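Note sheet for the following structure.
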């Protein structure tokens, strides 16, 4: 008797899922028509989970494409193309054309692993999405904008790299991984050759005292400030790009006025404002890191006999844009 329960429950639940998926789909279509992509795209995704189909995949791809999330749009279109091929759907040619048209615009992020690195237990994620080790050799198709690459080896603390990627461009990042250790000795009875201890220096009779010069703290301060400076540099670059795109959109699609934009102008100015907001956030984080690094450096203790140290961070400008320069002795 129990063997009939599961099919009956499935038959009862399926219409409910379909109705919920249809409501989500209609709501998402309405939001997308209003250019509220941030609200529309997740509803398309939820609808597809409840009732998968080629149509909802195509709308999801269109939603992400109009939003500027080209990597997500590409994956949605390719999923729709696969489903269409499997079902011998008449739309397969049209979907393939969409994939071919979008592919050159999708940014690529290439992740390099130095030869001889220890990759045991290596985990890599881009903006929170885990990348399989077998996929690291291939360029990752991502959305335009700053990408946060977080990685770790064998349970060690995670490291983070921030990489800027542009529409249609290819960016590269090299992971900083430890070198692989040699293979263990096969013979269980064999023992490693002991390392000879250095002979004591007769002049070193006094007890060694801990280093109180603050060298390590200054190094940490410089490292933190460096990360902050890099982040502000990335922010400056993204801000200039966003401003340029906004001005181009006003000139080409808005007759130079913010209240006279056509559909393309609304999309382009929306994307430019989003990019500018992202740049502002990155700049704030970078500025905080820079200030923290400077404070750590300045308050580090110094030995009485040490020479005076200097650390500086100054703004710079050039024909390429604005940035910061830093340096010092420590």
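Observations, loosely collected:
- Near pairs, Cβ below 8 angstrom, 6+ apart or cross-chain, from segment 66-86 (over 27 Å from residue 268 (Cβ atoms)) to any residue that is modelled with pLDDT under 95 and in a loop (DSSP other than H, G, I, E, B): 83/52; 83/53; 83/89; 84/91
- Scanning segment 84-116 for residues that are in contact with a strand residue (DSSP E or B) (Cβ under 8 Å, 6 or more places away or on another chain) and surrounded by fewer than 16 Cβ atoms within 10 Å (Cβ to Cβ), we see that the one that is farthest from residue 74 (Cα to Cα) is 116.
- The residues on offer are 10, 24, and the sole one that is surrounded by 17 or more Cβ atoms within 10 Å (Cβ to Cβ) and modelled with pLDDT under 95 is 24.
- Among the residues making up segment 166-182, those that are at pLDDT 90 or above and not in a loop (DSSP other than H, G, I, E, B) are 170, 171, 172, 173, 174.
- Residue list for segment 148-163, filter: modelled with pLDDT under 90 and either surrounded by 15 or more Cβ atoms within 10 Å (Cβ to Cβ) or closer than 22 Å to residue 61 by Cα (or both): 153
- Condition broken by residue 124, with the remaining ones in (1) under 26 Å from residue 239 (Cα atoms); (2) out of contact with any helix residue (DSSP H, G or I) (no Cβ under 6 Å at 6 or more places or on another chain); (3) surrounded by 15 or more Cβ atoms within 10 Å (Cβ to Cβ) satisfied: (1)
- Qualifying residue in segment 65-72 (condition: within 22 Å of residue 18 (Cα to Cα), in contact with a helix residue (DSSP H, G or I) (Cβ under 9 Å, 6 or more places away or on another chain) and surrounded by fewer than 24 Cβ atoms within 10 Å (Cβ to Cβ)): no
The values are calculated or read from the model by the stated rules, or taken from the named source; none is laboratory data. Remember, predicted model here, so these are calculated numbers, not experimental data. Note: ideal-geometry Cβ built from the backbone for every residue, glycine included; neighbour counts use all protein chains shown.
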